[in-house]
Amino acid sequence: MIGKLVLVIFTMMGLASNAGAEQIVLNPQHPQNYVVVKGDTLWDIAGRFLRYPWQWPEIWSANQQIANPNLIYPGDELYLTYKDGRPLLGLTRGRNLKLSPTVREHVHNEAIPPIPLDAIHQFLSRPRVVTEHDIDQAAYVIGSQDQHLVNGVGGRIYVRGLPDGSRTAYSVFRTGAEYRDPDTHALLGYEALHVADAVMHKFGDPATAEITWSNREVRNGDRLLPQEADEYPEFIPHAPAAAVDGRIISVIDGVSQIGQHNVVVINKGRADGLAPGHVLAIFQAGTVVKDRLGTAKAAKQRVEDLRRAELENPSGIGRFFDHVANNVRDAKHSVDAALGESIGGAPMTVELPEERAGELLIFRTFDSVSYGLVVDTQRAIHVKDKVRNP
């Protein structure tokens with residue numbers, strides 16, 4: 001597995017502001033105990049016991065007989081207990097772990113991850129959101145060996161804009177779609193389409209690099225940014241302390257309907273207090289529908305009100321209605337025109353209530369946007385759906 005897996009640290013530090021504010025709700029079909037198996041994730045296991053998996057840290061009970069209660073491994077048994085009426089989870093170590101310095105790293109790598117790491121690892125080590133400044137300052141491909149217009153793995157490329165002695169591992173990217181706020185239309189950044197990875201062989205102007213991996217052919221004009229360390233963040237699924245009110249602005253790979261384990265981009269980031277591990281609820285925006293029956297009733301009521309006003313004040317509005325009293329169509333037209341509606345009466349519209357559609361877990365943040373993994377769905381999710389505190 002690439003890099004070191006996240007150490008799932010179950011601690012209440014930093015989460016105290018959320019704890020106690022939410023009532024713990026158990027999954028109605030929760031087991032009394034569960035034996036962890038390979039392939040489990042913290043989110044999946046938490047969902048077995050809890051209706052809201054992000055409340056996991058609030059029911060974790062450390063067992064003093066366990067050498068390191070902060071890690072869960074295949075073979076461990078979790079069991080549900082109660083203390084003062086409050087549900088707690090305990091753990092029985094399913095195997096004898098000797099955490100000596102020589103095997104500690106190996107043991108950590110066997111611990112279950114919080115979410116499916118294979119779904120997000122490519123988004124952790126490679127640039128995915130860039131600003132205009134990032135693009136302007138980035139090194140770029142100026143040519144290649146044998147002057148190929150496009151290049152693949154093993155190809156040699158020449159790069160300008162790299163200072164001598166800089167890093168040797170780079171990601172090659174191509175500027176993609178704009179990320180804009182759906183409400184203010186402010187530019188939040190650009191999608192950085194990951195093209196390839198390259199290793200520098202010789203610095204200079206131009207520098208020489210070899211393509212070591214690619215999912216698209218490298219072209220002249222593609223940009224390079226230093227490849228970040230391929231490590232997983234240490235995070236615990238939990239609700240944000242501050243209020244978050246945002247929207248999904250993009251989905252990776254451009255699928256029309258978003259499902260479980262799809263990666264999405266939202267229009268909130270570090271500047272809004274988001275951090276890896278925050279869980280947000282997804283709300284499907286209510287559909288706007290035409291209410292023709294309500295429109296007809298309202299029009300009828302307006303005509304009746306004018307007729308009543310005519311009888312009560314014949315010298316005023318009655319004169320207005322004299323010309324149309326025997327013509328229903330003209331009466332409707334006059335009422336609509338008086339109310340600023342189009343001729344014939346435009347039907348009124350109603351926005352249906354929004355519905356909760358799922359949850360996402362933030363795993364990487366930038367200044368104005370964040371990447372989240374959809375960890376659960378109750379219905380189809382779409383771009384522009386809302387995201388808020390769970």
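Can you figure out the FRET efficiency of L88 with A380, using R₀ = 30 Å and their beta-carbon distance, to the nearest 0.05? Result of the calculation: an efficiency of 0.25.
Proximity of backbone amide H atoms, modeled 1.01 Å from N, is registered between V244 and N389 at under 5 Å, excluding neighbours fewer than 5 places apart on the same chain.
Amide H contacts under 5 Å for V375: H261, E359, L360, L361, restricted to partners 5 or more places along the chain or on a different chain, H placed in the peptide plane at 1.01 Å from N.
Order by neighbour count: M348, M200, fewest other Cβ atoms within 10 Å first, most last.
Working: M348 16, M200 19.
So the ranking, lowest neighbour count to highest, is M348, M200.
Take every DSSP beta bridge whose two residues both sit in the range 173-295; close to 95 percent of them are antiparallel. Cβ crowding within 10 Å ranks H194, H30 as H30, H194, fewest other Cβ atoms first. Annotation: the residues R128, R247, sorted from fewest to most other C-beta atoms within 10 Å of their own C-beta, follow the order R247, R128. Remark on L188: its backbone amide H falls under 5 Å from those of Y179, R180, D181, a criterion applied only to residues 5 or more positions apart or on other chains, H modelled at 1.01 Å from N. Taking the range 177-233, which trypsin sites (Lys or Arg not before Pro) meet the DSSP loop condition and have no more than 16 other C-beta atoms within 10 Å? Passing sites in the range 177-233 are R216.
Using the average count of surrounding beta-carbon atoms within 10 Å as a protection proxy, the listed peptides 133-141, 356-364, 183-191 rank, highest first, as 356-364, 133-141, 183-191. Each residue, V288 and E210, gets one label point 7 Å from its Cα in the Cβ direction; the gap between the two is 5.8 nm.
Just so you know, all these numbers are worked out from the coordinates, no wet-lab data involved. Predicted model, so just to flag it, every value in this text is computed and none were measured. In this analysis, Cβ positions are derived from the backbone assuming ideal geometry, glycine residues included, and neighbour counts consider all displayed protein chains.
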